[in-house]
Every structure is written in C-alpha cells, then in structure tokens.
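As structure tokens, the structure follows; a few thoughts come after it.
The values are calculated or read from the model by the stated rules, or taken from the named source; none is laboratory data. Keep in mind it's a predicted model, so treat the numbers as computed, not measured. Using ideal geometry, Cβ is built from the backbone for each residue, glycine included, and neighbour counts are taken over all protein chains shown.
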Amino acid sequence: MPDFFDYDYFEPEERDEYAEDAMSAIEEIIATQRVVTDRELKARLEDKFFPWVTGRALSSMVESGQVLKIGYPGRRKRNVAKDFYTLPDFDYNDIRGELEDKRQVSAEVNAMLTGQAPATFFAEDLFERAFNSLGFTIIDRDASEYKGRKVSAVRGKEPPNLDFIVERDKLVYGVDVKNWIRYEFDTRDEVIFKVGLALQLHITPFMIARYVDKDTIYKEVILKGGICYPFRTLLFSPNFASLALKANSLLGYPVMALDRLPPFKVKHIGFLHTNVLARRKS
C-alpha cells in the first residue's frame, strides 16, 4: 500500500483471491528465515496480501503438513509470541537459537507498543508536530467532547477519546493515531470505534495508523466520510534505534527510529486535507 494513495481510484480486493500465491510466498520466506511468527509473515507480506489471506494460507499449510507449528518450552508470558512456524526439513535444535532471538525481540517490540507504552505517545507527538507545521490548530488532545457534544460513555468509567481534534480551513477532524504492528480483527474494530467517536462529535474522522487493511479503509472510513493515512512504518524514538534495527532485520518489521516525521509523510497529511477540501467544494 503506497503512502501516496489515491482513494478515488480504489477498488477493494477479494479476500481469498491470492491464497495460493500467499502459500508460495510463505514457503519461500520460511525457507529463508528458517523459523517465523504469524505476525512476522503478515508484516513481510502486507504489501502483497491481506493479513487474513496470509493467516488462512498459513493455517492450510499447517493442516496439510507443509509447515510445522512449534512452541517454546517454558512458562508462557503475556505479549510474547508462543507459536512459531518452520518447514519439516529443519530440525528444532538447529533453529532454536533463532527462535529464541525472535521471541525476545518480538516481546520487546510488543512492550513498546502496548497500552501506555513509550512508542504510543511518541507517535502522537510526532503527528502533533506535523499538524502544527502544516498550519493546523490543535483544538484539544485526548478529546471526548466538542462544542457541547459528548461521546457515549459507560457510567462510572472515563469516556473514550480521540487523540486530537484539529482544525484547518474551517474543517475539523477527530484524529486517532495507532502505532501498531498488530493484524488481529480487534484492530479493525478499534478503527471502526474511533471513526464512530468522531461521528458522534459531528467532525470528520481522520485515522492515522501504521497499517489498516484496504477493505477497512474503504468501507469503514471513506464511506463514512472520513480519511485514513496508513503510514506504514513503526515509529520509535532514536533512543530505541537498536531495537528498531533488530526488529527489522530479524522480523522484517517496517520501522524507523527518528525524532521527526520524514517530509514526505508530513506532506501526505497535507495532501489528504487538500483532497477533502476539493471534494467538499465540488
């Protein structure tokens, strides 16, 4: 999915159209890497296949015996990969070192991205700086209300919120930033939920996430009047450059360690806003 994505010419793909091609690509990756995680395969193949196509293809290969699913001995820990995949040709003892390395790095990345972890707030700060540089006004952060309207909340609990409400050229956006490497169905649900929050406030949903599948972008964001920027690369602080390098080399995760967004990513935010203006005028 390119950064410069023209939604006007977007057509959603069929979900299982490329399953056989995905199996071939999976086999090639495992033959090279020797041992992989489910999330690693989806990251390495996200430009070619929907994550659920990769997942279903992998499941079929395990069922047929083309690929072996193996575990890691010892106590299971939260947010740590528990299943790994290899080819029948490889002996477990020969790949155990690589398995342990990938398990450790994936755990460190997950810890960086979960809940109130550093990379979550770091990405928000990068995009806030980008909005400011483009002349947007930051109206509010962690916002659950706007001009007297409030989002629905469960009694006795903090209301859900959007990361920002921003405005430029009399257009007001409800922005949420997701610096994630996840592909589970709850990520899709999270996008839908955040779009719903913006709509409750009668402002334009603006979803900014490292990855959102094209189907969700089209059906759950664009068709509901919103815009989405899938910015592709995990964003880490320069303090975590070493982890970023390991995540990329061992797991194939697309990741940058930097202190500000690259100019082309900032420019794309402005491009999306210009598109919205043009559509509203037409």
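Residue check: GLN66 meets all listed conditions (1) part of a helix (DSSP H, G or I); (2) more than 24 Å from ASN248 (Cβ to Cβ); (3) of a type in the set (S, T, N, Q) but one, namely (1). Within the range 184-201, the residues that satisfy the criterion of being touching a strand residue (DSSP E or B) at 6+ places or on another chain (Cβ under 6 Å) and touching a residue at least 40 places away in the same chain (Cβ under 8 Å) are LEU197, LEU201. Listed by first and then second residue, the pairs with beta-carbon distance under 7 Å, at least 6 apart or on different chains, first residue in the range 32-53 and assigned to a helix (DSSP H, G or I), second among the hydrophobic types (A, V, I, L, M, F, W, C) and surrounded by fewer than 21 Cβ atoms within 10 Å (Cβ to Cβ), are LEU41/ILE29; ARG44/ILE29; LEU45/ALA25; VAL53/ALA19. Note on the range 162-186: residues that are within 17 Å of PHE121 (Cβ to Cβ) and not β-branched (Val, Ile, Thr) amount to 7.
Quick check on the range 42-56. Is at least one of its residues of a type in the set (D, E, K, R), touching a Ser or Thr at 6+ places or on another chain (Cβ under 6 Å) and within 16 Å of ARG182 (Cα to Cα)?
The initial filter retains those residues of the range 42-56 that are of a type in the set (D, E, K, R), namely 42, 44, 46-48, 56.
Next, only the ones that are touching a Ser or Thr at 6+ places or on another chain (Cβ under 6 Å) stay: 42.
Now restrict to residues that are within 16 Å of ARG182 (Cα to Cα): 42.
Scanning the range 42-56, I find at least one residue that is of a type in the set (D, E, K, R), touching a Ser or Thr at 6+ places or on another chain (Cβ under 6 Å) and within 16 Å of ARG182 (Cα to Cα), so the answer is yes.
Hey, could you check the range 88-145 for residues that are under 22 Å from ASN248 (Cα atoms) and hydroxyl-bearing (Ser, Thr, Tyr) and say which is surrounded by the most Cβ atoms within 10 Å (Cβ to Cβ)? If we take residues in the range 88-145 being under 22 Å from ASN248 (Cα atoms) and hydroxyl-bearing (Ser, Thr, Tyr), then SER106 is surrounded by the most Cβ atoms within 10 Å (Cβ to Cβ).
Is it the case that some residue within the range 79-87 is modelled with pLDDT of 90 or more, outside any strand (DSSP E or B) and of a type outside the set (Asp, Glu)? Walk me through how you get there before you give the answer.
Looking only at the range 79-87, we keep the residues that are modelled with pLDDT of 90 or more, and these are 83-87.
Next, only the ones that are outside any strand (DSSP E or B) stay: 87.
Then keep just the ones that are of a type outside the set (Asp, Glu); that gives 87.
Yes; the residues of the range 79-87 include at least one that is modelled with pLDDT of 90 or more, outside any strand (DSSP E or B) and of a type outside the set (Asp, Glu).
In the range 241-264, what count of residues is obtained for those that are assigned to a helix (DSSP H, G or I), crowded, with 19+ Cβ neighbours inside 10 Å and touching a strand residue (DSSP E or B) at 6+ places or on another chain (Cβ under 6 Å)? Qualifying residue count for the region: 2.
Condition check ((1) assigned by TED's automatic domain parsing to the domain that holds ILE269; (2) outside any loop (DSSP other than H, G, I, E, B)) across all residues:
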{"residue": "ALA107", "(1), (2)": "no, yes"}
{"residue": "GLY135", "(1), (2)": "yes, no"}
{"residue": "SER152", "(1), (2)": "yes, no"}
{"residue": "ILE165", "(1), (2)": "yes, yes"}
{"residue": "TYR183", "(1), (2)": "yes, no"}
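When the range 38-66 is filtered for residues that are at pLDDT below 95 and among the β-branched types (Val, Ile, Thr), the ones remaining, listed by number, are VAL53, THR54. Within the set PHE121, PHE127, PHE90, PHE84, the sole residue that is closer than 25 Å to ASP259 by Cβ, touching a residue at least 40 places away in the same chain (Cβ under 8 Å) and among the aromatic types (Phe, Trp, Tyr) turns out to be PHE127.
Consider THR274 carefully, then state whether it is in a helix (DSSP H, G or I) and touching a helix residue (DSSP H, G or I) at 6+ places or on another chain (Cβ under 7 Å). Answer is no for this residue. Residues that are surrounded by 19 or more Cβ atoms within 10 Å (Cβ to Cβ) and part of a loop (DSSP other than H, G, I, E, B) were ranked within the range 198-232; the one that is modelled with the lowest pLDDT is ASP213.
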